[in-house]
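**Q** Handing you this structure, nothing more for now.
The values are calculated or read from the model by the stated rules, or taken from the named source; none is laboratory data. What you are looking at is a predicted structure, and each value in this text was computed from that prediction instead of being measured. Here the Cβ positions follow ideal geometry from the backbone for every residue, glycine too, while neighbour counts run over all protein chains shown.
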Amino acid sequence: MVASVIGFLAGCFSAATYVPQVYKTWKTKSAKSVSIQMFIISTITTLSWITYGIMVGRPPIYVSNTVGFVLSVTQIVLKVKYDRTACEK
């Protein structure tokens, strides 16, 4: 039980690392300094952890990484959207 709580907390903090960048990109409508390669790798990583967590039946792993996956994909979408918008200006 304690291990699961620690796992969920660690996962929450890991997923939260994406929030500042996603928020800044959304707020400023600019992603010119964001590395899309980093977020592509992050998306693959979180998807791998989700798969592993499901396979071994560990909710702290797959739940927290699902949040990270969604935020990582969101950042990629914002990067593509705002880079395209910047090129059109």
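**Q** Looking at segment 51-78 only, could you name the residues that are among the aromatic types (Phe, Trp, Tyr) and surrounded by fewer than 17 Cβ atoms within 10 Å (Cβ to Cβ)?
**A** Tyr52
**Q** Right, another one. Looking at segment 54-71, I want the residues that are farther than 9 Å from Ala15 by Cβ and of a type in the set (A, V, I, L, M, F, W, C) and have a partner that is at pLDDT 95 or above and surrounded by fewer than 16 Cβ atoms within 10 Å (Cβ to Cβ) with Cβ atoms under 7 Å, at least 6 apart or on another chain. Which pairs are those?
**A** Note: pairs meeting the criteria are Ile61/Tyr52.
**Q** Among the listed residues Phe8, Phe13, identify the single one that is touching a residue at least 12 places away in the same chain (Cβ under 8 Å) and at negative phi.
**A** The match here is Phe8.
**Q** Within segment 16-60, how many residues turn out to be farther than 17 Å from Val77 by Cβ and under 10 Å from the mean Cα position of the chain (by Cα)?
**A** Residues that pass the stated criteria total 3.
**Q** Would it be correct to say that Val67 is within 23 Å of Tyr23 (Cβ to Cβ) and out of contact with any helix residue (DSSP H, G or I) (no Cβ under 7 Å at 6 or more places or on another chain)?
**A** no
**Q** Restricting segment 1-30 to residues that are assigned to a helix (DSSP H, G or I) and of a type in the set (Lys, Arg), which is surrounded by the fewest Cβ atoms within 10 Å (Cβ to Cβ)?
**A** So, considering only residues that are assigned to a helix (DSSP H, G or I) and of a type in the set (Lys, Arg), the one surrounded by the fewest Cβ atoms within 10 Å (Cβ to Cβ) is Lys27.
**Q** Going residue by residue through segment 59-71, is there one that turns out to be part of a loop (DSSP other than H, G, I, E, B) and out of contact with any Leu (no Cβ under 8 Å at 6 or more places or on another chain)?
**A** Taking segment 59-71 first, the residues part of a loop (DSSP other than H, G, I, E, B) are none.
Scanning segment 59-71, I find no residue that is part of a loop (DSSP other than H, G, I, E, B) and out of contact with any Leu (no Cβ under 8 Å at 6 or more places or on another chain), so the answer is no.
**Q** To continue, here is another question. Collect the residues in segment 31-50 that are touching a helix residue (DSSP H, G or I) at 6+ places or on another chain (Cβ under 8 Å), surrounded by fewer than 17 Cβ atoms within 10 Å (Cβ to Cβ) and more than 15 Å from Ala15 (Cβ to Cβ), keeping them in residue-number order. First the steps, then the outcome.
**A** To start, the set of residues in segment 31-50 that are touching a helix residue (DSSP H, G or I) at 6+ places or on another chain (Cβ under 8 Å) comprises 31-32, 34, 36, 39-40, 42-43, 46-47, 49-50.
Now restrict to residues that are surrounded by fewer than 17 Cβ atoms within 10 Å (Cβ to Cβ): 32, 36, 40, 47.
Listed by number, the residues that qualify are Lys32, Ile36, Ile40.
**Q** Okay, next question. Quickly run through segment 61-89 and pick out the residues that are under 12 Å from the mean Cα position of the chain (by Cα), under 17 Å from Thr25 (Cβ atoms) and of a type in the set (Gly, Ala, Ser).
**A** Gly68, Ser72
**Q** Okay, moving on. Given the conditions (1) touching a Phe, Trp or Tyr at 6+ places or on another chain (Cβ under 8 Å); (2) in a helix (DSSP H, G or I), and given that Ile41 satisfies all but one, which numbered condition is not satisfied?
**A** Answer for Ile41: the failing condition is (1).
**Q** Hey, any hits in segment 72-83 for a residue that's outside any helix (DSSP H, G or I) and free of Cβ contacts under 8 Å to residues at least 60 places away in the same chain? It would help to see each step written out before you state the result.
**A** Going residue by residue through segment 72-83, those that are outside any helix (DSSP H, G or I) are none.
There is no residue in segment 72-83 that is outside any helix (DSSP H, G or I) and free of Cβ contacts under 8 Å to residues at least 60 places away in the same chain.
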